[in-house]
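Report on the structure given below.
The values are calculated or read from the model by the stated rules, or taken from the named source; none is laboratory data. Quantities reported herein were computed from a predicted structural model and do not represent experimental measurements. Positions of Cβ are backbone-derived with ideal geometry, glycine not excepted, and every protein chain shown enters the neighbour counts. For the accessible areas, the whole protein counts, side chains as well, though only heavy atoms, and no ligand, DNA or RNA atoms are used. Shrake-Rupley method; radii C 1.70, N 1.55, O 1.52, S 1.80 Å.
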Amino acid sequence: MQLVVGRIGRAHGIRGEVTVEVRTDEPELRLGPGAVLATDPAPVGPLTIESGRVHSGRLLLRFAGVGDRTAAEALRNTLLIAEVDPEDTPEDPEEFYDHQLMDLEVVTVDGTVVGRISEISHLPSQDLFIVERADGSEVMIPFVSEIVTEIDLDEQRAVIDPPRGLIDADEAEVASAREAEHGAAAHGAAHEAGQAPEAESGQDAGHGSEQDSGRGSERGDA
């Protein structure tokens, strides 16, 4: 089975190195020196990894036969594809290959059927399940442990505990409207009592906290 394990980015330096967006939880195995990878588009490959290193948090690879910046830049946006035995599984029980997750039935913790996984989208911040519903519409489910509570390969299902509005957009709109009404009521009450709202009391409401934009959970090959 073929799995996408990386995407080539921009050239780095003048000696043929390229940045690589890693799409596997096993980069040492899939993207190590000596690995021979198929490509998409196919005519670009196969590519043999000659060397690799991490620089400023990014993986840099050099491929055999690619010796200058021009040749490296020509590889930009090429997908790197590894051959994997379909029977293989990741060493970490919390990790899964894409082919294991495709077409799993998605249900909520109370047993409500949401749909089936039709695609897995690998974004820089997190992975997403694209779930096709019975009516043909699609729902995007972040593949993080706080939402995807269980993957049961024996039962071929993924159990999710979605926050309000993730599955049903109408719920999000109702919740947003209620919050707006509550905020307006609180604002009016503050003025009636002769008190300034908190945001007007000299405090910078835009710097109260920092939000964590990191990945909630890394699971599975790309």
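In the range 1-52, inverting the average of 1/r over every pair of distinct C-alpha atoms gives 11.7 Å as the Kirkwood radius. Looking at the range 2-57, the trypsin sites (Lys or Arg not before Pro) that sit in a DSSP loop and have at most 12 other Cβ atoms within 10 Å of their own Cβ are Arg15. Shape summary: the range 48-165 maps onto an equivalent ellipsoid whose semi-axes, from the alpha-carbon gyration tensor, are 35, 16, 14 Å in decreasing order. With a simple spin-label model that places each label point 7 Å from the Cα along the Cα-to-Cβ direction, the separation between Met140 and Met1 comes to 2.5 nm. These residues, Thr70, Thr19, go from largest to smallest accessible area, 1.4 Å probe, as Thr70, Thr19.
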